[in-house]
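Here, each number is a calculation from the coordinates, and none is a lab measurement. None of these values were measured; they are calculated from a predicted model. Here the Cβ positions follow ideal geometry from the backbone for every residue, glycine too, while neighbour counts run over all protein chains shown.
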Amino acid sequence: MTDLRREALKHAMPWLFLAGLLIVWEVSCIVFQVPEIILPKPTKIFAVFFQRFDILMAYCWDTLWTTTVGFLLAIAFGLLLGLAIGASPFVYSGLYPLLIAFNAIPKVAIVPILMIWVGVGSLPAVITAFVISFFPIVVNVATGLATIEPEMRDVLRSLGASRLEILTKVGIPRAMPYLFASLKVAITLAFIGSVISETVGGNNGIGFLMLSASARNDAPTTFAGLFAIAIMGVAMYAVCAMVEKRMTRWAFRGEIVA
Amino acid sequence: MAFVDLKGVSLTYRLGKDTTLALADATFGIEKGEFIAVVGPSGCGKSTIMKLVTGLLPPSGGEVMVDGKKVKGPIKGVGMAFQNPTLMPWRTTMNNILLPMEVVEPHKRRFRSHRAEYVERAMKLLKTVGLTDFADKYPWQLSGGMQQRSNLCRALIHEPELLMLDEPFGALDAFTREELWGVMQALWLEKRFTGVLVTHDLREAVYLADTVYVMSRRPGRIVLAKKIDIPRPRTLATTFEPHFVDIVHELRDRIHQEHAP
């Protein structure tokens, strides 16, 4: 096998595995005569997916923007908090335990509270996406700052650099790869957040669509919603991974040299 | 008074209840434009002296004076180079070398408007260390020796009065190390900064320094101050001359006494 073919096959592998999985699923449904209300065949799900494409898209769009807004808020807030925690030992010792405690709360538990405060709709979804996804960003940014080499700090201090200068010249650039690495995790969490909120107390979004479809025993539509979520999640993850590679080329140096 | 003046300086590190006396009663002076080396067994507080002189650590006792002023915090505009080159991987070699210009006054104020002038200055320095073609490369694209050369350039670009070298050649192979001694000496002969070199390589110390200070085991005390009267420029051939070898042996014997309990 030539190197080129090998490479092509490597890229095709995830698709081959996906296709294999769907085929096994389809065949098992037929062989074991699984009722559609329990587990529809993939062909049926895809048929519904395209039949109701307009409706799905409308609901997807809602989930997508609530997730994105929550995610962007999480980046802004997470970056600021991460910098504060990483730069100051006092802020670190004061806030870090509280953050851990807050992170330990299952976020589904705060949706009812949000509904009391802001009612149903898109706002609780945005807020849930935000609160669930900012934690990894904070932790990563703080880690990036806290692991500056002491010698690097000494070089700058003996040049007469202020704390702010050390932060902007070394701290922030150094924290960037950590930030971008955390975005991949955070976007996935943001999706979980908004869909949870839609499912528990929403009147819109793909989570709400799935919930109402399952209430009607409409399994194919429920599964079509699941597929839509998966596609959105993977797409957003890919965007984050691309941004990461773009923005922190130096941190991927091994791959560039090779 | 000497440019750098230490009077009865001591330092105690404290970690929880444990205290370690790292440096005891160091008294010596470094003249302006003098290049000194500090040698001694490992863990004897050599690096501590560097941190005290630059004000990165406050002394537990005694007094450090630099240029007639008592050192209270980190003194500004010192050039520093460590064994680890600590270049920033997100900056090109050129931008790494220009870093002090963004921090040290008065360059800081004119850096943006006079960038071309500073780039030219950096290029000149890169030329003396033989890195002209690597200005636009990233540090991780350079070999260890090249990184250390860039590190020296960064320490010198703002023409500091005081240059601190903490085993800067320690991690390099023997050939590169000896070559960089020559580079370092050439830079010093040209700029005549005050240099402090911490090393455990006695040949390196004798090659580069005007005065070599030998320290005792912990708690570090200065047990010998040896003037090196070999004319400059010194070459690698110099290091094989009997007088050079004699000095190295004398220093080695003194350090061996420290090792034998």
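Output ³J(HN,Hα) for the stretch B:63-68: one whole-Hz value per residue in order, computed from phi by the Karplus curve 6.51 cos²θ - 1.76 cosθ + 1.60 with θ = phi - 60°, and x for Gly and Pro.
8, 10, 10, 10, 6, x
Order by neighbour count: A:Y237, A:Y178, fewest other Cβ atoms within 10 Å first, most last.
A:Y237, A:Y178
Label the stretch B:73-147 by shape, choosing from rounded, prolate and oblate, from the square roots a ≥ b ≥ c of the eigenvalues of the Cα gyration tensor; if a/c is under 1.5 it is rounded, and otherwise prolate applies when a/b is larger than b/c, oblate when it is not.
Judged from the Cα gyration tensor, the stretch B:73-147 comes out oblate (a/c at least 1.5, b/c at or above a/b).
For the stretch B:1-118, give the magnitude of the charge dipole about the Cα centre (Cβ charges: +1 Lys/Arg, -1 Asp/Glu; no others), in debye to the nearest 20.
It comes to approximately 520 debye.
Taking A:K10 as the anchor, which lysines have their alpha carbon closer than 27 Å to its alpha carbon, excluding any fewer than eight residues away along the same chain?
Excluding near neighbours in sequence, the set is A:K184, A:K245.
Compute the Cα gyration tensor for chain A, then decide on rounded, prolate or oblate, letting a ≥ b ≥ c be the square roots of its eigenvalues: rounded whenever a/c is under 1.5, prolate when a/b is larger than b/c in the other cases, and oblate in all that remain.
Oblate is the answer for chain A, as a/c is 1.5 or above yet b/c matches or exceeds a/b.
Select from B:M50, B:V248, B:A186 the residue farthest towards the positive end of the dipole of the stretch B:4-259; place +1 on Cβ of Lys and Arg, -1 on Cβ of Asp and Glu, and compute about the Cα centre.
My answer, from the dipole projection, is B:M50.
Cut-off under 19 Å on the C-alpha distance; same-chain residues fewer than 8 positions from B:K108 excluded. Which lysines are left, in chain and number order?
Once the sequence-local lysines are set aside, what remains near B:K108 is A:K169, B:K76.
What residue among A:A224, A:G82, A:V48 has its Cα farthest toward the positive end of the dipole of chain A, where the charges are +1 on Lys, Arg and -1 on Asp, Glu, each on the Cβ?
Highest projection toward the positive end goes to A:G82.
In sequence order, what are the phi-derived ³J(HN,Hα) couplings for the stretch B:222-227 according to the Karplus relation 6.51 cos²θ - 1.76 cosθ + 1.60 with θ = phi - 60°, rounded to whole Hz, with x for glycine and proline?
7, 9, 7, 10, 10, 6
To the nearest 0.05, how large is the calculated FRET efficiency for B:E117 and B:R192 if R₀ is 25 Å and r is the Cβ-Cβ distance?
Result of the calculation: an efficiency of 0.65.
Cβ under 10 Å from A:V155's Cβ, A:V155 left aside: what net charge do those residues give with Lys, Arg +1 and Asp, Glu -1?
0
Tell me which GluC sites (Glu not before Pro) from the stretch B:1-101 have a DSSP coil assignment and no more than 16 other beta carbons within 10 Å of their own.
Filter output for the stretch B:1-101: B:E31.
Considering only C-alpha atoms, what is the centroid distance from the stretch B:26-46 to the stretch A:191-258, in Å?
Result: 61 Å between the Cα centres.
Out of residues 5 or more away from B:K32 or on other chains, whose amide H comes under 5 Å of its own, with H placed 1.01 Å from N in the peptide plane?
Residues meeting the criterion, in which the H sits 1.01 Å from N, are B:F3.
Based on the inverse mean of 1/r over its pairs of different Cα atoms, what is the Kirkwood hydrodynamic radius of the protein assembly as shown, in Å?
Mean inverse Cα-Cα distance, inverted, gives 27.8 Å.
Under the rule a/c < 1.5 gives rounded, and otherwise a/b versus b/c splits prolate from oblate, where does the stretch B:4-259 land using the Cα gyration tensor?
The shape class here is oblate.
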